[in-house]
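The values are calculated or read from the model by the stated rules, or taken from the named source; none is laboratory data. Keep in mind it's a predicted model, so treat the numbers as computed, not measured. Ideal geometry is used to build each Cβ from the backbone, glycine not excepted, and the neighbour counts take in all protein chains shown. Side chains are part of the model used for accessible areas, which takes the heavy atoms of the whole protein and leaves out ligands, DNA and RNA. Shrake-Rupley method; radii C 1.70, N 1.55, O 1.52, S 1.80 Å.
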Amino acid sequence: MRILRKAVAQEDVSVTQSEKEYDHLAAPQDPETIRIITLVCIDNDTFPITIEEWSDTLSDIKGFLEEIYPEKKAHYGVSSFEQCGFAFMLDETLRAIPADYEKWPMISMINEMNLKIKVKKQSLKLYLVKDLAEDEYSHADIENAFVFRVFIEYGNNPIKYQKRLMVKKHGQVEVLILSSNGFIEDHIKLRNLQFTDSGTCISFENNLDISDHITKKVVFKVHFTDENELRDFLVHLREVLEVFNKPKVDLGVQLHVDCKKYEIKKENRFGFNQKRTVWFDQPTMTFNIATRDIKDIKTFQISQIKTYIRTKKPNKMIVDFHDQKLKKLILIFDHSSQFEEFLKTSENLTKAEGLAKLETIEHVIPQSSDNNRFRRFSWLDLKNTQTVGQIKSPTEFAYNVIQRGRISHEKRVILLETVAATITIKNQSGLEIKTIKFHDLKINDAFKNLFKVQLYTYNACFTFIFSSAYAKYHFTSVFLMGKWAEKVRPREIPLSEESTIMTLTWNLSCTTIPTQEALVQVLSGTTHHGIIAISFQQCIYDKVQAWVRQLMIFYRASNHYLVAGVTLDDIFLVVFMHPALKKYTSKISTFTTYFSEGENRSRKGGVCVTFKIDSSAFCFLGAHLPSKPSRSRQRNKCLQKLLEYKRKLVDVNVTHECDYVFLMGDLAYNLDLDKDEAEDNIGNLNFLKEKDQLTRVLAENAVLASFKEGPLNFAPTYPVHKCGDAPAWTDRILYKHHLNLIQESYEALTVTSKSLHKPVRSSFKCMIKSWYVPPILRPITEQPKLAKIRFITLTAVFYYPINQNKTWLSFYSPYLDNYPNPVVANINGDREVSFVVENKFSIGFSYISIDFLNDKNLIFLVKQMREDGCIEVIGSGSVPLSYLVQNISGFNPEAAETIARIKSAVGFTAPLESRSSVVGEIKGSWRFKVFKN
């Protein structure tokens, strides 16, 4: 990102002119000050930039934009970026950064705005904004919230503090005290709230939270700017109090409810059962829980209870509260009749007191057996889905969803209008909340909850839970067809488009300085590639940003954009992409890890960038492993640590989740030869290959078992200059793929440089799956199509003895609509695990058409409980669903209710991997049923 400034130090005649140009970058000498942050523009375009915390400023970023992206000014309608400002997102709120901070060093701004953690995690996003006042902010996901600027006097303190009052009238009604920057400071207790008003001042007497467990009764005065502001606030406040303190229902006579005590067990967060006593108190309308000797009493207002959740066990329930600060209570009754009696008592109490909450026992929500990993909502059942989804016109689609907010979960209806290209969010009653254009939204659909989708605007985020995996796919398809009309369209079969990838690794040996001349030698002839991934090691850490800037200038001529970047000390990895692909890129994430911990850790480590283009997932890994020929086993462990990286998707690591995985860097594997013998045979490549440590490691299945490498038809890449070390192929590029991938070249380059390593690059040809939409997208008002797999036998065979601890099996696939509980296992001997497959044990896939399943996979995860109680995945395998497609091809989806039934079991087998090595295989047999409905 860096705008190169002139060095102010006195010239040193011993330093070359090209080196003097970068002298000013050398202070301070701290690798932790080089950061990558993400800049978000008003057109929703994002790109990473590097900063140096101690010397860079926000003004430097504006200068960088003027030089690299001048066309962005048109989106803001400004002649200079100096007319814009910066903001950041915190607590789903866009907060402006004061203009005075733009001249501060980034480290000062970061500390002042409390952004240090986000910067360290490389998750900070800076928004380039226009016309956002310094004291303004916008809450992204709170509807019907009214905010007033006020000054507050606390108790006898005469000082007036500038604050904001928020009155929230939807969902969980409440009044909040916010700081001047929009941070939530206190929740005003609405029960027994007393206030008096006069002129432009209002006095409250209320309990304020001093800490998590301490409250204090305090009187405070709130001063408004004028009488109109006060009048508006009182109108909203009285409406909130009317909702909170609803009048009691006149039942003619006052009912008396027998509130007996129940001796139960409470499950704590560690899974242990504690003996407790619970009871209701009618006079105070409270729910109480205490020890058996009635000590340590905790009291909750019944109005605080959101719902009771019934679990699979008939005598076990979960008490959920409106306030997210209150932990859920897991209660276990002695028998089910006692449980039902408890619920009946709660029902009678709410009726007797005339409260609107928990009016009937129907508020007890059973957990779904189809998808017991995620909470189910009655609003998402089939009846509501059919009612909401009735299509009024061919251009409108409606979906019943749950919107997850910071404070509460709300029932929502999403209306997609394909002609106007808009999404309208409505409440359950049909009241419009927000309308957004397609082109202002980005979508993310990769989550542990398979029914979850997030929509992003320039300054807000909306999280929705759909009724099924098919409803989620249906919504995503309609949305992308409207947003990417030139790209996504109905097709008879899934299609793939060809693209090219260039990967480059270079260990700079802390000598090479960033210049265009150096880049031309290694990057010439690469501008025609769609994806370009570059990993440098041993880059002088105070020159990282200068290197990135030079790379951006080099690829600016071919219109390639920097879409992702990550740094770790002197290692960095950047990914450039052609504009034709960048538009369809999503789910960008980064990861870093050191290979040794502690204060004396070395700078050896790994970095990772993952993203998706259309429906294809890519992963690029950069690594710098420990050197010295004797450390081969240590290098293996380092690679295992890097390849164990998992995103927020169950327990699936990137090698299974991504379609294409590339590993590049200074892997430091040497030859099993001494220096003299290696130099004597430098021209005999076949002999040297036989002595290559990485080749031996791959053959022995020690690490990288599923990775491939092109032929080593070039001389060893290290050392270029004599340094006393033996020659070796230390710089390597390996790859793994689940879709078609062709390696077109693999070469080492000869360049003019002081580095001891040659740069190595490789090019590939890949297939990018387009988002598949069939000609007729089935209405969501009907039952989704399901392809059910019923397992007949299921066994995992390991190549080494395993522990006799508790072992089970679970599954993962983005299109699972129903699946059973994890499968319990029987351990036969010490290497074979057979899983207990019941008669009705099956997995259901929501599918669009038969061909839709052809390139999908089902991932098996074999898990085991360790001695310390932790759970680890001891083996994972991926089985392609092409097994299913091959056996049911030729059937017409509309021919019958059951379009395919495979009566005879079909066998399958797949390797099990753990820590990047093949540790066994999973095998079994299954039958398929594919249903029209």
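Hey, got the dipole for segment 390-484? About the Cα centre, +1 on K and R Cβ, -1 on D and E Cβ, debye to the nearest 20?
Details: 13 positive and 6 negative charges, 58 e Å.
Result for segment 390-484 is approximately 280 debye, rounded to the nearest 20.
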* Return the distance in nm (one decimal) between the two label points of a simple spin-label model at Glu498 and Glu747, each offset 7 Å from Cα along Cα→Cβ. => 2.0
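What number comes out for the charge environment of Tyr799, summing +1 per Lys or Arg and -1 per Asp or Glu over other residues with Cβ under 12 Å away?
Working: positive: Arg831; negative: Asp830, Glu832, Glu913, Glu921.
Spelling it out: positives minus negatives among the neighbours equals -3.
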* Using θ = phi - 60° and Karplus 6.51 cos²θ - 1.76 cosθ + 1.60, couplings along segment 699-712 (whole Hz; Gly, Pro as x) -> 5, 8, 6, 6, 6, 6, 4, 9, 8, 10, 9, x, x, 7
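Among the trypsin sites (Lys or Arg not before Pro) within segment 613-665, which fall in a DSSP loop and have no more than 11 other Cβ atoms within 10 Å of their own Cβ?
Within segment 613-665, the qualifying trypsin sites (Lys or Arg not before Pro) (loop, at most 11 other Cβ atoms within 10 Å) are Lys648.
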* To do: Kindly write out, for segment 870-877 in residue order, the coupling ³J(HN,Hα) from the Karplus curve 6.51 cos²θ - 1.76 cosθ + 1.60 (θ = phi - 60°), rounded to whole Hz, with x marking Gly and Pro.
  => 7, 9, 9, 8, 8, x, 9, x
* Using R₀ = 56 Å, calculate the FRET efficiency as 1/(1 + (r/R₀)^6) where r is the Cβ-Cβ separation of Lys261 and Thr793; round to 0.05. => 0.60
* Kindly work out what percent of the DSSP beta bridges joining two residues of segment 584-708 are antiparallel, to the nearest 5. => 75
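Find out how many positive minus negative residues lie around Ser706, taking Lys and Arg as positive, Asp and Glu as negative, among other residues whose Cβ is under 11 Å from that of Ser706. Please list the in-between numbers first.
Numbers: positive: Lys708, Lys736; negative: Glu913.
Counting the neighbours of Ser706, the net charge comes to +1.
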* Label point 7 Å out from Asn713 along Cα-to-Cβ: which residues of segment 763-788 have amide N under 14 Å? -> 763
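Treating only the Cβ of Lys, Arg, Asp and Glu as charged (+1, +1, -1, -1), what charge dipole size does segment 518-590 show about its Cα centre? Round to the nearest 20 debye.
On the way: 6 positive and 3 negative charges, 75 e Å.
Dipole size: approximately 360 debye.
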* To do: Sort the following peptides by mean Cβ neighbour count (other Cβ atoms within 10 Å, averaged over residues), highest first: 908-916, 620-628.
  => 620-628, 908-916
* Structure fact -> Karplus ³J(HN,Hα) for segment 482-497 (6.51 cos²θ - 1.76 cosθ + 1.60, θ = phi - 60°; Hz, whole; x = Gly/Pro) runs x, 7, 10, 4, 7, 10, 9, 8, x, 9, 5, 9, x, 10, 10, 10
* Given labels modelled 7 Å from the Cα in the Cβ direction, how far is it in nm from Ser337 to Asn268? -> 3.2
* Environment charge at Phe687 (Cβ cut-off 13 Å; Lys +1, Arg +1, Asp -1, Glu -1) -> -4
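How do Asp296, Asp569, Asp725 stack up against each other in accessible area, from largest to smallest, with a 1.4 angstrom probe? Intermediate results must be reported in sequence, preceding the final value.
Numbers: Asp296 125, Asp569 15, Asp725 70 Å².
The ranking, largest first, comes out as Asp296, Asp725, Asp569.
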* For Arg491 paired with Glu867, estimate the spin-label separation in nm (one decimal), with each label point 7 Å from Cα along the Cα-to-Cβ line. => 5.3
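What is the calculated FRET efficiency for Ala99 to Gln162, with r their C-beta to C-beta distance and R₀ = 25 Å, to the nearest 0.05? Don't skip to the end; give the middle numbers.
Details: r = 19 Å, r/R0 = 0.75.
The calculated FRET efficiency here is 0.85.
Give the peptides 654-662, 272-280 in descending order of average Cβ contacts within 10 Å, highest first. Each step should come with its number before you reach the end.
Numbers: 654-662: 23.4, 272-280: 15.3.
Highest-to-lowest ranking by the protection proxy: 654-662, 272-280.
Using a Förster radius of 25 Å, what is the FRET efficiency between Ile443 and Asn114 based on their Cβ-Cβ separation? Nearest 0.05, please. The partial results should precede the final answer.
Working: r = 30 Å, r/R0 = 1.19.
FRET efficiency, Ile443 to Asn114: 0.25.
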